[in-house]
Amino acid sequence: MSDATIIILLSMITTGLMLGMIFSLVAVGVTIIYGSIWMPNAANGQFFLLAALLLWSASVSWGLHPALAALIIIGLSVPFSYALEILLIRRFYDVPNRNISYFVLSLGITQILAGIFSITYGIWSDQFQLPPLVGGLTMLGPFPMVNNRLAAMLIAALLLVALFTLLRYHRYGRALRAVFQNREAAALRGVDVRAVYRMSFVLGNAVVFAGGVLFACAYSFDFSIAWTMAITAFAIMIIGGPGSVLGALVIGMVFGLTQAAVSIFASPTIAAFSYLGAMLVILLFRPSGLFAR
Amino acid sequence: MTLLDAKLVSMRFGGVVALSDVNVHQEAGETLGVIGPNGSGKTTLVNVITGHLTPQNGAVLFDGAPLLGRKPFQIAAAGLSRTYQSVRVFSELTTRENIATALLDAPRPLPSEGVAETAEWLGLTPRFDARAGSLTLYEQRRLEILMRLVQQPKLLMLDEPVGGLSSAEVRATINLLSELKARCTIFVIEHTMKVIRELADRVIVLVAGEKIADGPPAEILSDQRVIEKYLGSVDA
Amino acid sequence: MNVLTSRWLPHAIFAFAAFAMPLVFSGNRYFAFIVGITLLSVLWATGMNLLYGYTGLMPLMFAGIAGISAYVTIGLSAAGWSFWLAMLVGSIAASLVGIVLGLPSLRLRGFYFTLCSLVIQSVITLAFVYFVNLTNGDVGISHIPLPELPGGGQLTGTSYELVLAALTVIGVVVLTLLVESGFGHRLIAIREDDGLAETLGINVTRQRLAAFFIASLFASIGGALYAPYVGFVSPRSFDVLVSLNIWLMVAFGGRGTIWGPVVGAVILAPLPFLLQDYYMIKDVVYGLLIIGVIVLLPAGIVGGWKRKAAAGEPAPDVAQKTAPAR
Ligand SMILES: Nc1ncnc2c1ncn2[C@@H]1O[C@H](COP(=O)(O)OP(=O)(O)O)[C@@H](O)[C@H]1O
Ligand SMILES: [Mg+2]
């Protein structure tokens, strides 16, 4: 193999890993919310974009250090989620078939945020790029790696591990899983189901925000990322199994790697077709997903 | 004349064996009772016969024609009707609309005088314009039966028709059902011994998916095995 | 006679308004165009109502079906076919596709069906973008020729709007007849409890697919007429947002009633034109409307009003209600 091929292959793998981790993060966020409150949040893509745009403003316009700005933005997602929860989400906790109401609600939120973005950021630019978090290159043997992407990957990996640990071992994680499995039984065992709902909504969105912030650090982006992300996260959630964190992690990585491979060898339309096709097949023949609980 | 003949029916859900090699035979005009503890496969038996589930094994003949592989709506059209263990009516529609819905695709719909007479008999006439969901449980149970009777089924399978009713209502239902025997053949699943003792001409006992006894109620209900397996384990 | 007049009186009033509006605004092409688009929207909303209101499924691929019909009709007309024949073939073809797209409804319920329909809509949109030689891709097709008239000349201006009015009135009347027929009652039974409907002898599969075929016919006739009327189509003309807007008209007006979706379309279809000067906030307004309907008006304007009227009557012994719904 020539060096050029290896460089292409290597960049494909790193891009794939990076995308995969971001996909996994967002899909985990979406699946936590679906698993607990049955809200298929189609607005996740807009939340993702919101985080990315805020980071762009904070670091490009106001000159904050991106790392500090990222922390602040993820922190801001908490009151944002709380406000939404109080205003809209909790009204539906006891509604039968609420997932369809939530789905439509989140499409409404999508429209509003998309409208706001085009009024505000839309008049500034259609492509957004942040200064790198860290500069320079690292040589991996003879092959150069961009430090900035390596850093973003490292943070994404740490976040995923932390999230997985939280859900696996922490008291909240256990309560969440109890609610996932059977909310009536969980309520009988003294789990405060509504508190778990609220926590899931806040945590899920925070994770989506983190994904957006990390993506903005590593790549330039435009508005279309919102729709792409929303569809991708839904596809991952459905294929992995709604409510399955493990499914979201595994399928997210698979999607990232295929996306990276496909975008080198075929057109992005083909990639989109194949996601949608895979999602359709799963919906029709195994609606509980590959990693059904 | 043999109305229903199910042979060697076996139904498994994954590892759970809900029915194993069950034979059921019912003559026209004979009231057949089915008893058995919770989870013994009684509802599953009805689901298999009415086409809601496909068994791994077995054959079902109804009125001489094979049923397996036919869809529930086709089986209903053949004159085999069933009710559900937990009451099921169109709760957003009125009583009248519920009855009209039952008449839509009935192959032998009862003429309207017959419908009025049956509704009167079941005491539902005053509730015709009420939303079915606003009826009492006892009224909903009777509406369920009315919706089947307007189709003039040859065989009516009732899954725990007195479940959730008060003892006075159980008494009244038993009376209704014994009058019902003159209108169509009944297959009745019951938990309450009293119902079976008073209604059934023959009883079969299911335990853990197996038929352990089959015979006249007096004989079966004094059978030592049945008492052990059934009365010993269930509050009856 | 009396019963007949009162039963069809709303239809007569609607028909009168539908034919009068294009004539009233015949002097002003801009307003007349708004009327035309509103009529088309009423037709679409009425078709979606058959699915969303009477089978209880929320289909987000409705615009995609309209688009298939529009592209097929344009293609066949360009190949030298008469517009009307092309429209017939296009509509039937698209409605057959509609049946195929209805197949998931046999397996999936509620959110899963809606998500599936959204995926299908996205695939259709991608296909419109991808098959450039049929659709001219993202650029779209402009200068679509107007339908020819039998006596020579073209269908244009006010006469186009009158044709739209006629089809819309027919659409509403057809929906009324369907809903009041056994077919409509079967659909309602299936919407309320499909398992019970099947147990009572109703062929659920056939009724559902028939509903998809008929609703798709509404979508595709509208789509075929939309293209020459506006003169331009692109994949954006038939994307998920269009589906969502049609859904909003139905939900906002009141699904499962004949007039709810008509009212919804009459209120919402002209909105983008009225908001034209505030073009930027259009999306925000739509988003707020969607949320408002879901949170405040789950039964829609007409449905909510009906429910209030019903609540006025004393419900007999509600207190006795002990039965669980299922
Ligand atoms: N659809 C199903 N899927 C999986 N298991 C089922 C299903 N229906 C019934 N079972 C199982 O089959 C067994 C028999 O159930 P059922 O026929 O409902 O019992 P019964 O009506 O006698 O109380 C039970 O163990 C039950 O859990
Ligand atoms: Mg049972």
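Since every read-out is calculated from the coordinates, none of them should be taken as a lab result. These numbers come from a predicted model, not from an experiment. Note: ideal-geometry Cβ built from the backbone for every residue, glycine included; neighbour counts use all protein chains shown.
Using just the C-alpha positions of the range A:224-267 as equal point scatterers, what log10 of I(q)/I(0) does the Debye formula give at each q in 0.32 1/Å?
-1.05
May I ask for the net charge around C:VAL242, where only other residues with Cβ less than 14 Å from the Cβ of C:VAL242 are counted and Lys, Arg are +1 while Asp, Glu are -1? Numbers along the way, then the final one.
On the way: positive: C:ARG236, C:LYS282; negative: C:ASP239, C:ASP283.
Here the count lands on 0.
Taking θ = phi - 60°, what integer Hz values does the Karplus form 6.51 cos²θ - 1.76 cosθ + 1.60 yield along the range A:144-150, in sequence order, with x for Gly and Pro?
The phi angles translate into x, 10, 6, 4, 4, 5, 4 Hz.
Which listed residue (C:ALA86, B:GLY163, C:GLY140) has the Cα farthest towards the positive end of the charge dipole for the protein assembly as shown, taking +1 on Lys and Arg C-beta and -1 on Asp and Glu C-beta about the Cα centre?
B:GLY163
What percent of all Cα-Cα pairs in the range C:12-239 falls in each 5 Å bin, counting up from 0?
Percent of Cα pairs in each bin: 1, 7, 14, 18, 18, 16, 12, 8, 4, 2, 0, 0.
How far, in degrees from 0 to 90, does helix A:268-285 lean away from the longest principal axis of the Cα atoms of chain A, to the nearest 10?
Around 30 degrees separate the two axes.
Per residue, how much space in cubic angstrom lies within the convex hull of the C-alpha atoms of the range B:86-152?
Values: hull volume 5.0 nm³, N = 67.
Roughly 75 Å³ of hull volume per residue.
What Rg and what Dmax come out for the range C:189-312 when only alpha-carbon atoms are used, in angstroms?
So, for the range C:189-312, Rg and Dmax equal 17.5, 56 Å respectively.
Sort C:TRP44, A:TRP38 so that the residue with the fewest other Cβ atoms within 10 Å of its own Cβ comes first and the one with the most comes last.
A:TRP38, C:TRP44
With a 10 Å Cβ neighbour count serving as the proxy for reagent exposure, in which order, fewest first, do A:SER61, C:SER77 appear?
Ascending number of Cβ neighbours within 10 Å: A:SER61, C:SER77.
Distance cut-off 20 Å, Cα to Cα: go down the list B:LYS71/B:LYS181; B:LYS71/B:LYS211; B:LYS71/B:LYS154; B:LYS154/B:LYS181; B:LYS7/B:LYS211 and report the pairs above it.
B:LYS71/B:LYS181; B:LYS71/B:LYS211
Any chance you could get the radius of gyration and Dmax over the Cα atoms of the range B:1-80, in Å?
Reported Rg and Dmax, both Å: 12.2, 37.
May I ask you to derive the FRET efficiency for C:LEU271 and C:ARG236 from their Cβ-Cβ distance with R0 = 22 Å, giving the value to the nearest 0.05?
My answer for the efficiency is 0.80.
Percent of alpha carbon pairs in the range C:204-247 separated by more than 12 Å? Walk me through the numbers on the way to the answer.
Values: 656 of 946 pairs.
In whole percent, the share of Cα-Cα pairs in the range C:204-247 beyond 12 Å is 69.
Based on the alpha carbon coordinates of the protein assembly as shown, what radius of gyration and maximum Cα-Cα distance (Dmax) apply, in Å?
Gyration radius and largest Cα-Cα distance of the protein assembly as shown: 30.8, 94 Å.
Sort the range C:107-256 into rounded, prolate or oblate with this rule: let a ≥ b ≥ c be the square roots of the eigenvalues of the Cα gyration tensor; rounded if a/c is under 1.5, and if a/c is not under 1.5, prolate when a/b is larger than b/c, oblate otherwise.
Details: a/c = 2.56, a/b = 1.47, b/c = 1.74.
Oblate shape, in that a/c is at least 1.5 and b/c is the bigger or equal ratio.
Students often check this: by mean Cβ neighbours within 10 Å, which of B:108-120, A:74-86 ranks highest, and how do the rest follow?
In descending order of packing, they fall as A:74-86, B:108-120.
Return the average number of partner chain Cβ atoms within 10 angstrom of each residue Cβ along peptide B:68-80.
Mean shielding by partner chains, rounded to a whole number: 3.
So what are the ³J(HN,Hα) numbers for the range A:191-199, from phi and the Karplus equation (6.51, -1.76, 1.60; θ = phi - 60°), rounded to whole Hz, Gly and Pro as x?
Those phi angles translate into 6, 7, 4, 5, 5, 5, 3, 4, 4 Hz.
Under 5 Å between amide hydrogens, which residues at least 5 positions from B:THR94 or on another chain qualify, with H placed 1.01 Å from N in the peptide plane?
Those qualifying (amide H under 5 Å, at least 5 residues apart or on another chain) are B:ALA132.
Can you work out ³J(HN,Hα) from phi for every residue in the range C:89-95, in order, using Karplus 6.51 cos²θ - 1.76 cosθ + 1.60 and θ = phi - 60°, giving whole Hz and x for Gly and Pro?
The phi angles translate into 5, x, 5, 5, 4, 5, 6 Hz.
So what's the convex hull volume per residue for the Cα atoms of chain B, in Å³?
Value for chain B: 122 Å³ per residue.
Per residue of C:101-107, how many C-beta atoms from partner chains lie within 10 Å of its own C-beta, taken as a mean?
1
Can you tell me, using C-alpha contacts under 8 Å and at least 6 residues apart, the relative contact order of the range B:86-152 as a whole percent?
Reported as a whole number, the value is 55 percent.
Sort A:ILE251, C:ILE290 so that the residue with the fewest other Cβ atoms within 10 Å of its own Cβ comes first and the one with the most comes last. Spell out each step's value before the answer.
On the way: A:ILE251 28, C:ILE290 25.
Listed from fewest to most nearby Cβ atoms, that is C:ILE290, A:ILE251.
What is the distance in Å between the Cα centres of the range C:29-82 and the range A:242-293?
A separation of 32 Å, based on Cα centres.
Assigning unit charges at the beta carbon (Lys, Arg +1; Asp, Glu -1) and nothing else, what dipole magnitude in debye, to the nearest 20, does the range B:53-127 show about its Cα centre?
300
Normalized C-alpha radius of gyration of the range A:89-222, against 2.2 N^0.38 Å?
Details: Rg = 20.1 Å, N = 134, 2.2 N^0.38 = 14.1 Å.
Ratio of Cα Rg to 2.2 N^0.38 Å: 1.42.
Under a 5 Å amide H to amide H cut-off, with H placed in plane at 1.01 Å, what residues pair with A:MET39 once short-range neighbours are removed?
The answer is A:TYR34.
Taking the 0 to 90 degree range and rounding to the nearest ten, how far is the long axis of helix A:245-265 tilted relative to the main principal axis of chain A, both from C-alpha atoms?
That works out to roughly 30 degrees.
Hey, what angle do you get for helix B:112-121 against the long axis of chain B, alpha-carbon based, 0 to 90 degrees rounded to 10?
70
Mind listing the long-range amide H neighbours of B:LEU19? Cut-off is under 5 Å, sequence gap 5 or more, other chains count too, H placed in the peptide plane at 1.01 Å from N.
Under 5 Å from the amide H of B:LEU19: B:MET11.
Given R₀ = 51 Å, what would the calculated FRET efficiency be for A:MET12 paired with B:ALA172, taking r from the Cβ atoms and rounding to 0.05?
For R0 = 51 Å, the calculated efficiency reads 0.10.
Quantify how strongly other chains surround peptide A:269-278 by giving the mean number of their Cβ atoms within 10 Å of each of its Cβ atoms. Spell out each step's value before the answer.
Details: counts 4, 2, 0, 6, 5, 0, 2, 7, 2, 1.
For peptide A:269-278, the averaged partner shielding equals 3.
Evaluate the Kirkwood expression for the hydrodynamic radius of the range C:1-89, namely the inverse of the mean inverse distance over all pairs of different C-alpha atoms, and round to one decimal in Å.
16.0
What is the projected area of the convex hull of the Cα atoms of chain A, averaged over all directions, in nm²?
16.2
Treating only the Cβ atoms of Lys and Arg (+1) and Asp and Glu (-1) as charged, compute the dipole magnitude of chain C about its Cα centre; round to the nearest 20 debye.
Dipole of chain C, to the nearest 20 debye: 500 debye.
Compute the Kirkwood hydrodynamic radius of the range A:201-285, taking the inverse of the mean of 1/r over all pairs of distinct Cα atoms, and give it in Å to one decimal. Walk me through the intermediate numbers first.
Details: mean 1/r = 0.0726 Å⁻¹.
Final number for the Kirkwood radius of the range A:201-285 is 13.8 Å.
What ranking do C:212-224, B:38-50 get when scored by the average of other Cβ atoms within 10 Å per residue, highest first? Don't jump to the answer; show the numbers that get you there.
Numbers: C:212-224: 26.8, B:38-50: 21.8.
Highest-to-lowest ranking by the protection proxy: C:212-224, B:38-50.
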